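One structure is given below, encoded as structure tokens.
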Amino acid sequence: MPIYIQLLTLTPEGRSKMLDDPEMLLHVEAVIDVPGVQVLGKYGVLGDYDFVNIVEAIDNETVARFSLELGVRAGVHIATLPAIPIGRFEAALRSPSPVLEDVGRGLRPSTLRADSA
């Protein structure tokens, strides 16, 4: 099943909720019922974001619904990133790709129209 990384930043409303209930984020996630989503891990972080979630979901639409509900209920801004296992990148690099070969020879990929560049 696809894995997603969610980068969460508390809004001013979310900060207030967190001060009132430090476990607010855990409580909110417990009541969100989006079939096909499982939170695999949650981390508090330093820097530009307040929390990072590792989420498994059946598809993009499902994780988008979960992100929307979490954002509204918890008072957080969320950036959701699909995570691709590095092994899939390595396998793709080992396989010949006509598009990459054309680009390497200085040719335009056939999927681009001449007037779209």
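The values are calculated or read from the model by the stated rules, or taken from the named source; none is laboratory data. Quick caveat, the model's predicted, so the values are computed rather than measured. Don't worry about glycine lacking a Cβ; one is built from the backbone with ideal geometry, like all the others, and counts go over all protein chains shown.
Can you tell me which of (1) modelled with pLDDT of 95 or more; (2) part of a helix (DSSP H, G or I); (3) surrounded by 15 or more Cβ atoms within 10 Å (Cβ to Cβ); (4) out of contact with any helix residue (DSSP H, G or I) (no Cβ under 6 Å at 6 or more places or on another chain) is the one residue 16 doesn't meet?
All conditions pass for residue 16, except number (3).
Among the residues of segment 69-85, count how many are under 25 Å from residue 22 (Cα atoms) and either in a loop (DSSP other than H, G, I, E, B) or basic (Lys, Arg) (or both).
Adding up the residues that qualify gives 2.
Mind listing just one residue for me: the one in segment 31-68 that is among the charged types (D, E, K, R) and in a helix (DSSP H, G or I) and, of those, surrounded by the most Cβ atoms within 10 Å (Cβ to Cβ)?
Among residues in segment 31-68 that are among the charged types (D, E, K, R) and in a helix (DSSP H, G or I), the one surrounded by the most Cβ atoms within 10 Å (Cβ to Cβ) is 65.
Assess whether residue 28 counts as being surrounded by fewer than 16 Cβ atoms within 10 Å (Cβ to Cβ), β-branched (Val, Ile, Thr) and over 24 Å from residue 88 (Cα atoms).
no
Just the residues that are in contact with a strand residue (DSSP E or B) (Cβ under 6 Å, 6 or more places away or on another chain) and more than 14 Å from residue 36 (Cα to Cα), please, taken from segment 56-76.
Result: 71, 76.
Residues are listed down the side, and each one gets a yes or a no for (1) under 15 Å from residue 5 (Cα atoms); (2) touching a residue at least 60 places away in the same chain (Cβ under 8 Å); (3) of a type in the set (D, E, K, R):
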| position | (1), (2), (3) |
| --- | --- |
| 40 | yes, no, no |
| 44 | yes, no, no |
| 61 | yes, no, yes |
| 65 | yes, no, yes |
| 78 | yes, yes, no |
| 84 | yes, no, no |
